[in-house]
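Notes to accompany the following structure.
The values are calculated or read from the model by the stated rules, or taken from the named source; none is laboratory data. What you see is a predicted model; the values in this text were computed from it and never measured. Here the Cβ is made from the backbone with ideal geometry for all residues, glycine too, and neighbour counts use every protein chain on show. What goes into the accessible areas is simple: the full protein's heavy atoms, side chains included, and nothing from ligands, DNA or RNA. Shrake-Rupley method; radii C 1.70, N 1.55, O 1.52, S 1.80 Å.
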Amino acid sequence: MAGSPRRTAGRRLQLPLLCLLLQGATAILFAVFVRYSHETDAALWHWRNHSNADNEFYFRYPRSTFRAHLVHSSQMWRESQRGHVTAQGHTAGFQDVHTMIFVGFGFLMVFLQRYGFSSVGFTFLLAAFALQWSTLVQGFFHSFHGGHIHVGVESMINADFCAGAVLISFGAILGKTGPAQLLLMALLEVVLFGLNEFVLLSLLGVKDAGGSMTIHTFGAYFGLVLSRVLYRPQLEKSKHRQGSVYHSDLFAMIGTIFLWIFWPSFNSAPTTLGDGQHRTALNTYYSLTASTLSTFALSALVGRDGRLDMVHVQNAALAGGVVVGTSAEMMLTPFGALVAGFLAGTVSTLGYKFFTPILESKLKVQDTCGVHNLHGMPGVLGALLGVLVAGLATHEAYGDGLESVFPLLAKGQRSATSQAMHQLFGLFVTLIFASVGGSLGGLLLRLPFLDSPPDSQCYEDQIYWEVPGEHEDLAQGPLRAEEPETRA
Amino acid sequence: MAGSPRRTAGRRLQLPLLCLLLQGATAILFAVFVRYSHETDAALWHWRNHSNADNEFYFRYPRSTFRAHLVHSSQMWRESQRGHVTAQGHTAGFQDVHTMIFVGFGFLMVFLQRYGFSSVGFTFLLAAFALQWSTLVQGFFHSFHGGHIHVGVESMINADFCAGAVLISFGAILGKTGPAQLLLMALLEVVLFGLNEFVLLSLLGVKDAGGSMTIHTFGAYFGLVLSRVLYRPQLEKSKHRQGSVYHSDLFAMIGTIFLWIFWPSFNSAPTTLGDGQHRTALNTYYSLTASTLSTFALSALVGRDGRLDMVHVQNAALAGGVVVGTSAEMMLTPFGALVAGFLAGTVSTLGYKFFTPILESKLKVQDTCGVHNLHGMPGVLGALLGVLVAGLATHEAYGDGLESVFPLLAKGQRSATSQAMHQLFGLFVTLIFASVGGSLGGLLLRLPFLDSPPDSQCYEDQIYWEVPGEHEDLAQGPLRAEEPETRA
Amino acid sequence: MAGSPRRTAGRRLQLPLLCLLLQGATAILFAVFVRYSHETDAALWHWRNHSNADNEFYFRYPRSTFRAHLVHSSQMWRESQRGHVTAQGHTAGFQDVHTMIFVGFGFLMVFLQRYGFSSVGFTFLLAAFALQWSTLVQGFFHSFHGGHIHVGVESMINADFCAGAVLISFGAILGKTGPAQLLLMALLEVVLFGLNEFVLLSLLGVKDAGGSMTIHTFGAYFGLVLSRVLYRPQLEKSKHRQGSVYHSDLFAMIGTIFLWIFWPSFNSAPTTLGDGQHRTALNTYYSLTASTLSTFALSALVGRDGRLDMVHVQNAALAGGVVVGTSAEMMLTPFGALVAGFLAGTVSTLGYKFFTPILESKLKVQDTCGVHNLHGMPGVLGALLGVLVAGLATHEAYGDGLESVFPLLAKGQRSATSQAMHQLFGLFVTLIFASVGGSLGGLLLRLPFLDSPPDSQCYEDQIYWEVPGEHEDLAQGPLRAEEPETRA
């Protein structure tokens, strides 16, 4: 069914061998390069005679970090700004982001009727590998000193963000690629993610706290271009498996809700302290409520007989989180957040209804999860909103807070217009990186010896997983007639 | 099936139009009235030259808030008591409460076999709207200064509490109302919730940290009276859809467990600091373990052949959290918490078994989720327990801690008996507000032009949602015979 | 079906009577012995005139505790070391651990096709009872002063850890015991858990922060020996119910993912402060990513046609958390964590594939969840890894940090080799306690009057639960033919 026995025998070794190879390689690189940071190392930490309160762990691990940092003393705080906090400055609650990556993304993709094992399982595999690999890649870009990468809770969080972008790309090609192909995609994408992020945040001085560009736009267009290269004209053969069943839609809602509730933490993670994190969480919260309302409104408007569509609710309701990813830390105002979220939910819902079919028929991009609607368009919209709000920044509106939101403006090194242009250029750079990366990724994944599901076996767990054959077993069961829940 | 095409065409526009109208109205009100608080605004914050550590965000956003507050300095702490902390004083972890509202309530109601999309979807819609709307309503009651409502993390938390009451009411009428009706209910209920809360906490000086009265009793009786007004004599026609299926009961357990584990955070959220929050969480934790044991005991005792009932486990096991909502911050003692939880689980389980059928047949109240058993009776019981424990308060038992639990007693402005009478009067006021509100709500929802499911289509997703027609698609699928999971 | 009516009538009273008896007994013991700690009591707290910042609640309740502790002042910190922090020193986020126990363990066991109600329901019941009972037992061992047990957030956390061990044992006998038997098992196991923990941590000075020995090894071998005593030669009669169905496997993945994401919190909970907690979380994080990769590799390698097995992914991927339970706080190095996790995932996956069948056929141990593979072998491996890493400890590697990781080494009271020998002896003691306890438990549960499912009714919810009989009801439903989701 899933190819001839010989093909199976040969190709099915790809996944275990690649897992072992990648794990072996990262383990060796860890042995050579990775060291505990001075805050994670028993001797270094105590040798420096820090108070335990200074340990980065207490600033970054829990929800709403930097708190301990803040309360310690303003002196320590200034010191920490210089010393501990890198350009990245992801200060988010590690556990919140970790929950979004594994529970949120994992279950959001379980909506397909026969692809739940792969959705949640390959999410698990891809993200676990991405965490190791991006520890190395981001470490080389951001914390490579004296020949070593120093790891701590900050590298854990940064790796989680990178895994998010990989999972967005996974959404575009869900059901059409084997796990070995996905690992190769992650191998490439993690490198390009790290590079793009470095160019935007460190070289161009672009603001992108919640990753409208670096995470959502990058991840979406990387995946979409890759999906274009992998275009399957005969995908129609698996069409009957491309929908959901009743309970798979409910599983997907677990993912949706966990993403929705923790998104304020996600966006506020790397923003500046005090009013900055407070404002970012608030703007994200209101934007999400508005995208939820507009999603329900538009879904019913365009639905048959006014019926709502679960695909819209599962996805477009989240667009409010994506669209304020760049601007939520700025003086967007609560009203602005409502408008942004409303537009994002609208664009996203209409995208699912009208644009996804065109994308497939005209542009030959088969986008399984509709990442173009949830991450692509809202990501670009979010980047443009960032251009607008940055361009409108004035000393009056931000007061002395300008220094933390737009440090280069406060120092007089840039005008608001110049910052806006840099933001726009950052979007352009991201689209280039994503497109080139997605193309390369597509060519890589098309290598003929790689195991890939045939057109008639897409969106199908059974070719990669042992799937429980319930009714066969139960047919012989003595209780069959009495057991109504058997098929439940 | 769901009415004639013309009816559909006309009535089904109600949801999108109402969503757009409400979103437009709240957006305009936001534009006119809502401003960043001085802790969320870049210019105001920095102009005041606060240390970032003072920012309310760090006191309220994360789990177990006020911590940063506390450790900063006792001087700042006293200052914050005067300045930042409102009468409400909700200091709970925003993310814990947010999780309970969206994951907890959302999935708890998924137990119905054909109404999972509506349960989790309308929870999402209602709560998203309630968050916006109660930001405005509660803002007018609590933080309206200089013509503006000032929002920050406190308003986010308060809005979540209000959404909880709306969702309790939703539980009573689950399956028997359309989404446009539900939005109108929320429009009314949020206003009355804010008013009742204001009267109890600010005017009467009633203690009700975990909301036995303001949230549970109010939400339950509002919904029950509303359900009475909407009584459907012919509901029997949808009886076959009123039960669960095997996996819908497991989805509901996701809701139950998340509510159960975070309830100590919920109740301790607005209590006083130090020993107060500590004691509240502890009492809630023990009360919940006891209600779980009594629920299993009673469910098996009254079950056919000693069998347990999932409805009891999903709901009555949570009654221990409701019943100590008022008294958990008082000197209830761990033993008292066990007894209270035990009684609540018992009353709630017996209510599901014996009282719910009577409620429907004699009192004509059709209570889909049994909110009378989970929120109504345990809420009233919790209010009365609060009367009792408040009446027993002595200077000996509370020492100097009396000031934080019962400030009016400590100042000599009230005797313990007087405080107990005020508590009792608070319950009375709540029941009045809930009953009048529920009646008004019922009349509003009976407006003849409002879209409402016919008696034969209650508890049915298909009239509001596109429901995946799995077996139609799969009948043509080439793999049908080989795919046992098709019906899973 | 589930026995004659008379048998049912008689035996089915066991659960409610036992629940009521146990609850009554613990309530009386609570009334006699349990008091609020001085931090939970209004009068004691305020009488001592502490600042609210000193309240233990703020150190232990939220995620990443001790933070408030730390930042307050080094003086307070030293004071707290002497005063508040017990030998146990569980400082973990209460809510993280609580989530793992109830959501993680509860749903991980839902994989069986007809035993989901019992898995999640009995988890709920057992854990609720264990929390009360171990409050008493651990209280007698650790906080019994002046004739009273003083409870607070620390006792809440310790009780959750103990509940974890009980649930591991439950996994070995899942589906083969009635709820009354399970409560009796918990009654015994909680006592022995407390005793073993006391011997290891307090008497032998063994390090076991994440509980490789005290939780995983103890819980697993207690359950396995108990399962041996309860051996059912005729279990084949229920074989057809021992597998999963498609959606039950997805429910189980909810448990897996929540355990996976919070495991760094679990292991770092009771470790020493500063670099200690930071390092523990980091090591656990990397170990889990490696066990995930090796689980996928091995599962595909040994699978039919290279297919992955959900049982492996659900369980073996977590072995990385178990295996570093003892050593994660030591200077394991990130590379060491990867190697340890990789080995644990490998051993665990191979155990499921090859050893579990042998365990049943040769050793007559029927291990429903394969706890030997997830907790037993990785737990022992973790203990041995602790022996190794402790034996390699030097003043050079730990610097002044040696005092917090190995206080007896730092004080010169023990050599590294001696510490290693104590660790090894701790493993031996744990295996003895677990084996003797499991044997006693088995004899207790074999008492002939106890209600136990017949061999043909194992792994079957219907004998203990009202199970929704969906197709019977729906057969009369008017919409049957049109409703594809009915059977979903």
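Before moving on, here are some points about what is shown:
- Whether a residue is more than 16 Å from residue C:125 (Cβ to Cβ), aliphatic (A, V, I, L, M), buried (at least 24 other Cβ atoms within 10 Å of the Cβ) and more than 7 Å from chain C (Cβ to nearest Cβ) was assessed, and residue B:347 does not pass this test.
- The residues of the stretch B:293-319 that are among the small types (Gly, Ala, Ser) and open to solvent by 10 Å² or more (accessible area, probe 1.4 Å), listed by number, are B:303, B:306.
- Flag for residue C:313 being of a type in the set (A, V, I, L, M), farther than 30 Å from residue A:27 by Cβ and at the interface with another protein chain (Cβ under 7 Å from one of its Cβ atoms): no
- Contact map, the stretch A:227-239: first residue in contact (Cβ under 8 Å) with a residue 24 or more places away in the chain and within 12 Å of residue A:368 (Cβ to Cβ), second residue in a helix (DSSP H, G or I) and open to solvent by 30 Å² or more (accessible area, probe 1.4 Å), Cβ cut-off under 7 Å, separation 6 or more or different chains; pairs are A:232/A:455; A:235/A:455; A:238/A:455; A:238/A:456.
- For the stretch B:104-126, residues that are facing chain A (nearest Cβ under 8 Å), closer than 17 Å to residue B:161 by Cα and modelled with pLDDT of 95 or more total 2.
Residue-wise test of (1) open to solvent by 10 Å² or more (accessible area, probe 1.4 Å); (2) more than 23 Å from residue C:28 (Cα to Cα).
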site	(1), (2)
C:159	no, no
C:183	no, no
C:200	no, yes
C:231	yes, yes
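- Cβ pairs under 7 Å, 6+ apart, first in the stretch A:421-450 and among the charged types (D, E, K, R), second assigned to a helix (DSSP H, G or I): A:446/A:229
- Single match in B:164, B:175, B:171 (criterion: at positive phi and either among the β-branched types (Val, Ile, Thr) or open to solvent by less than 10 Å² (accessible area, probe 1.4 Å) (or both)): B:175
- Set B:137, B:153, B:103: member being in contact (Cβ under 8 Å) with a residue 40 or more places away in the chain, open to solvent by 10 Å² or more (accessible area, probe 1.4 Å) and out of contact with any Ser or Thr (no Cβ under 6 Å at 6 or more places or on another chain): B:137
- Output for the stretch C:432-465, where each listed residue is over 20 Å from residue C:231 (Cα atoms) and surrounded by fewer than 19 Cβ atoms within 10 Å (Cβ to Cβ): C:432
Residues checked against (1) closer than 21 Å to residue B:224 by Cβ; (2) at pLDDT 95 or above:
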residue: B:341; (1), (2): no, yes
residue: B:349; (1), (2): yes, yes
residue: B:352; (1), (2): yes, yes
residue: B:374; (1), (2): yes, yes
residue: B:378; (1), (2): yes, yes
residue: B:392; (1), (2): no, yes
residue: B:395; (1), (2): no, no
residue: B:403; (1), (2): no, no
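- Some residue of the stretch A:277-292 being open to solvent by less than 10 Å² (accessible area, probe 1.4 Å), more than 30 Å from residue A:426 (Cβ to Cβ) and among the aromatic types (Phe, Trp, Tyr): no
- Residue match in the stretch A:217-224 (condition: open to solvent by 10 Å² or more (accessible area, probe 1.4 Å), modelled with pLDDT of 95 or more and closer than 30 Å to residue A:414 by Cβ): yes
- The set of residues in the stretch C:122-173 being of a type in the set (D, E, K, R) and over 30 Å from residue C:112 (Cβ atoms) consists of C:154 alone.
- Residue satisfying all of: in the stretch C:24-38; within 7 Å of another protein chain (Cβ to nearest Cβ) and free of Cβ contacts under 8 Å to residues at least 12 places away in the same chain; least open to solvent (accessible area, probe 1.4 Å) among these: C:27
- Of residues in the stretch C:256-276 being assigned to a loop (DSSP other than H, G, I, E, B) and of a type outside the set (Gly, Ala, Ser), the one nearest to the other protein chains (Cβ to nearest Cβ): C:273
- Residue C:418 meets the conditions (1) modelled with pLDDT of 95 or more; (2) surrounded by 16 or more Cβ atoms within 10 Å (Cβ to Cβ); (3) among the polar types (S, T, N, Q) in every case but one. The failed one is (2).
- The helices (runs of 4 or more DSSP H) found entirely in the stretch B:354-419 that carry 3 or more residues being under 27 Å from the mean Cα position of the chain (by Cα) and farther than 16 Å from residue B:340 by Cβ are B:356-361.
- Condition check for residue B:187: out of contact with any Leu (no Cβ under 6 Å at 6 or more places or on another chain), of a type in the set (A, V, I, L, M) and either under 24 Å from residue B:315 (Cα atoms) or open to solvent by 10 Å² or more (accessible area, probe 1.4 Å) (or both): yes
- Residue check for residue B:268: open to solvent by less than 10 Å² (accessible area, probe 1.4 Å), in contact (Cβ under 8 Å) with a residue 12 or more places away in the chain, of a type outside the set (Lys, Arg) and touching a strand residue (DSSP E or B) at 6+ places or on another chain (Cβ under 7 Å): no
- Residue check for residue C:228: at pLDDT 95 or above and more than 23 Å from the chain's Cα centre (by Cα): no
- Criterion violated by residue C:198 - all others in (1) touching a Phe, Trp or Tyr at 6+ places or on another chain (Cβ under 8 Å); (2) closer than 30 Å to residue B:257 by Cβ satisfied: (2)
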